[in-house]
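Q: Structure below; questions to follow.
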Amino acid sequence: MPVVRLYYGDLEEMVGASRDEIMARMAMMGADIGKSNAEDYVDVEFFPDRPDLYSSEGVARALQGFLDLKSGLPEYRVSPGEIDLRVDPSVERVRPFIGCAVVRDLQFSDPAIESLMDLQEDLHWGLGRNRRKVAIGVHDISRVVPPFTYFAADPSFEFVPLDFEESLSMEEILRRHPKGVSYASILEGFDRYPLITDANGDVLSFPPIINGELTRVRDDTRDLFIDVTGTDPVVYKALNIVVCALAERGGRIETVRVKRPEGTLVLPDLAPARWMVEVEEARSLIGFNLSAEELAASLERMRFGVRPLGRELEVLVPAYRADIMHSWDIFEDAAKGYGYDRLVPVLPKTVTVGEPHPLEVRKSDLREIMVGLGYLETMPFTLTSERVNFEMMGRPRDEAAATRVLHPISELHTMVRTSILPSLLEIFAINQHHPLPQRIFALGDVLIGGRTRQELAAASIHSSVDLAEVRSVVGALFRELDLTPEIIPSEDGAFLAGRRGDLLVEGTKVGSFGFFSPQVLQSFGLDQPAVGLELRWDRLWPLGGS
């Protein structure tokens, strides 16, 4: 989840409250307080569904309402601008959506620059699906000449990319520039690449890869041109989040005329969305018996505009909120605004003596064995994607086994996992900056053909790992379970041929293990060898155990 670094002095100035007041209430707003430097800063983690809180400006704005310093809908003045950007039809097939704005009269401090850079990268991850869906460019507008043009250029087009001194073609950028290497796959299969240039043909941006060096933001930059490109209309929401954050720093927002073949858009559009919600429905879902006025006050504390209309409320949702998709999302914020800390603890009316579920007893046994073998337990997400679950693992898609999410909010979470092992490789990929060896395991549910099954997965990664290591883990595990498995050759595509095996108990396959194939390691971006074990432990005790 996104982690926002909040500098105490900067935050106190923006919020208008003391550090102690802020820290005493922040967790109740839905934040997870992380590590801190007692004198300088605190790291705070927010859920991915609140991209408006990915910056210190967004956090400060929310805190002002939560601490009753300001309430209701924030209003941002948007002045008419004189800058045009023409969208050429050639870009329609490559990256069709673009939103733009100008923000002037900025005074950048070190915390403000850091916040802007972190906001960009967090939005690239959260809304942008690693820049594929949304990519943001921020430019010093004083160094270019409007009007601007957004078009698809020949890959041989040359310019000086950010952090380079020499001119490179767009093809060379994808091969040589660090950002090009990281994001080249987004443009794979296209014979022309998106580009934004000014009236003189100078380059502002090669989205979603890299900006031009010409428009680098410096300490003396005062006026910014912001472009947000992508494959989905969510680019306009990302634009609103960025410009509203800059406005919290005192920036003056100006519109840009985006001239598309089908008509002209004047952006940014900061008009709030209007919702009608029922007071009784809110009461039934929240569990608090709130009056219409109390419900309205709670929502205003969360920076909504609200007008009570008898049994209903008219709610104005700020233009920077990307997470309001249903009236229940509004009710969740109302509950936060009212205060979870105001819940009165009540003892249950019945008293029973509980006992652990048999499955949990078995989990505890397996957990003790794996920890004893030197493995660290992890708890990865249950939702995954077909790409991770099947393709990156070198396994064929199993349409009958996969249970898909009907309305996924993310391309990363489109199905319920049929295997835990891919999640362990993702954890390795995220933690490559930590020392090796790394040995991890996970216990949990998988959903296969609509039925819940129990699985154990374990993996080890380090430079000298070999098949003997995982084979010894298999032996120790089954010895502790008082079972004797039969090992036969495996066809599991996740593992290297000749270095893999299936595990059978009384003739039934209960798992597999092996040395991960180079293709699987490469697909997860791992540059060290790794071995893995997968075990359907719900099949063990009915077959051979008590």
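Q: Looking at Thr197, Thr221, Thr215, Thr231, which is the one that is hydroxyl-bearing (Ser, Thr, Tyr) and in contact with a Ser or Thr (Cβ under 6 Å, 6 or more places away or on another chain)?
A: Thr197
Q: Here's another thing I want to ask about it. Condition first: under 38 Å from the mean Cα position of the chain (by Cα) and charged (D, E, K, R). Now tell me which residues in region 453-493 satisfy that.
A: Matches in region 453-493: Arg453, Glu455, Asp466, Glu469, Arg471, Glu491, Asp492.
Q: Of all residues in region 114-173, which are touching a Gly at 6+ places or on another chain (Cβ under 9 Å) and among the aromatic types (Phe, Trp, Tyr)?
A: Answer for region 114-173, where residues must be touching a Gly at 6+ places or on another chain (Cβ under 9 Å) and among the aromatic types (Phe, Trp, Tyr): just Phe159.
Residue-wise test of (1) modelled with pLDDT of 95 or more; (2) in a strand (DSSP E or B).
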{"site": "Ala429", "(1), (2)": "no, no"}
{"site": "Pro435", "(1), (2)": "no, no"}
{"site": "Asp445", "(1), (2)": "no, yes"}
{"site": "Ala458", "(1), (2)": "yes, yes"}
{"site": "Val465", "(1), (2)": "no, no"}
{"site": "Leu483", "(1), (2)": "no, no"}
{"site": "Glu491", "(1), (2)": "no, no"}
{"site": "Leu496", "(1), (2)": "no, yes"}
{"site": "Arg500", "(1), (2)": "no, yes"}
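Q: When both residues are 6+ apart or on different chains and their Cβ atoms are under 9 Å apart, which pairs have a first residue that lies in region 339-366 and is in a loop (DSSP other than H, G, I, E, B), and a second that is modelled with pLDDT under 85 and of a type outside the set (Gly, Ala, Ser)?
A: Final answer for the pair search is Leu343/Phe288.
Q: Moving on. Inside region 287-315, can you point out the residues that are aliphatic (A, V, I, L, M), touching a residue at least 40 places away in the same chain (Cβ under 8 Å) and farther than 22 Å from Met26 by Cα?
A: Hits for region 287-315 are Leu290, Val306, Val315.
Q: Has region 373-383 got any residue that is over 22 Å from Asp538 (Cα atoms), modelled with pLDDT under 95 and touching a Gly at 6+ places or on another chain (Cβ under 9 Å)?
A: Within region 373-383, none of the residues are over 22 Å from Asp538 (Cα atoms), modelled with pLDDT under 95 and touching a Gly at 6+ places or on another chain (Cβ under 9 Å).
Q: Restricting to helices (runs of 4 or more DSSP H) lying wholly in region 161-270: which have 3 or more residues that are among the charged types (D, E, K, R)?
A: Fully inside region 161-270 and qualifying: 170-176.
Q: As an exercise: evaluate Leu290 against (1) assigned to a helix (DSSP H, G or I); (2) crowded, with 18+ Cβ neighbours inside 10 Å; (3) more than 23 Å from the chain's Cα centre (by Cα); (4) not aromatic (Phe, Trp, Tyr) and give the number of the one condition it does not meet.
A: (1)
Q: Something else now. Looking for something outside any helix (DSSP H, G or I) and under 25 Å from Arg129 (Cβ atoms) - is there at least one such residue anywhere in region 6-19?
A: No, there is no match, as no residue in region 6-19 is outside any helix (DSSP H, G or I) and under 25 Å from Arg129 (Cβ atoms).
To keep it simple, each residue is scored yes or no on (1) under 30 Å from Glu399 (Cβ atoms); (2) touching a residue at least 12 places away in the same chain (Cβ under 8 Å); (3) surrounded by 17 or more Cβ atoms within 10 Å (Cβ to Cβ); (4) assigned by TED's automatic domain parsing to the domain that holds Ser419.
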{"residue": "Ile440", "(1), (2), (3), (4)": "yes, yes, yes, yes"}
{"residue": "Val446", "(1), (2), (3), (4)": "yes, yes, yes, yes"}
{"residue": "Gly450", "(1), (2), (3), (4)": "yes, yes, no, yes"}
{"residue": "Ala458", "(1), (2), (3), (4)": "yes, yes, yes, yes"}
{"residue": "Leu467", "(1), (2), (3), (4)": "no, yes, yes, yes"}
{"residue": "Ser472", "(1), (2), (3), (4)": "no, no, no, yes"}
{"residue": "Gly475", "(1), (2), (3), (4)": "no, no, no, yes"}
{"residue": "Leu481", "(1), (2), (3), (4)": "no, yes, yes, yes"}
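Matching residues to (1) without any contact (Cβ under 8 Å) to a residue 60 or more places away in the chain; (2) within 26 Å of the chain's Cα centre (by Cα); (3) in the same structural domain as Asn211 (by TED's automatic domain parsing):
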| site | (1), (2), (3) |
| --- | --- |
| Phe97 | no, yes, yes |
| Ser109 | no, no, yes |
| Pro147 | no, no, yes |
| Glu166 | yes, no, yes |
| Arg192 | no, no, yes |
| Asp198 | yes, no, yes |
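Q: Among the listed residues Gly58, Gly16, Gly65, which satisfies the condition of being more than 20 Å from the chain's Cα centre (by Cα) and buried (at least 17 other Cβ atoms within 10 Å of the Cβ)?
A: Gly65
Q: Take the residues in region 75-93 that are touching a Pro at 6+ places or on another chain (Cβ under 6 Å) and surrounded by fewer than 20 Cβ atoms within 10 Å (Cβ to Cβ); name whichever of them is farthest from Arg61 (Cα to Cα).
A: For region 75-93, the residue satisfying everything is Pro89.
Q: Continuing with the same structure: Any idea which of Arg61, Arg25 is part of a helix (DSSP H, G or I), under 16 Å from Lys336 (Cα atoms) and modelled with pLDDT under 95?
A: Just a single option satisfies the conditions, and that option is Arg25.
Q: Next question, about the same structure. Please state which of the following conditions Gly128 fails to meet, knowing it meets all the rest: (1) touching a residue at least 40 places away in the same chain (Cβ under 8 Å); (2) surrounded by fewer than 18 Cβ atoms within 10 Å (Cβ to Cβ); (3) farther than 16 Å from Thr215 by Cα.
A: If we test Gly128 against (1) touching a residue at least 40 places away in the same chain (Cβ under 8 Å); (2) surrounded by fewer than 18 Cβ atoms within 10 Å (Cβ to Cβ); (3) farther than 16 Å from Thr215 by Cα, just (2) comes out false.
Q: For region 108-118, indicate whether the set of residues that are buried (at least 21 other Cβ atoms within 10 Å of the Cβ), among the polar types (S, T, N, Q) and either at pLDDT below 95 or over 21 Å from Thr255 (Cα atoms) (or both) is non-empty.
A: yes
The values are calculated or read from the model by the stated rules, or taken from the named source; none is laboratory data. For clarity, every value in this text was computed on a predicted model and none was experimentally measured. Please note: Cβ atoms are built from the backbone with ideal geometry, for glycine as well, and neighbour counts cover all protein chains shown.
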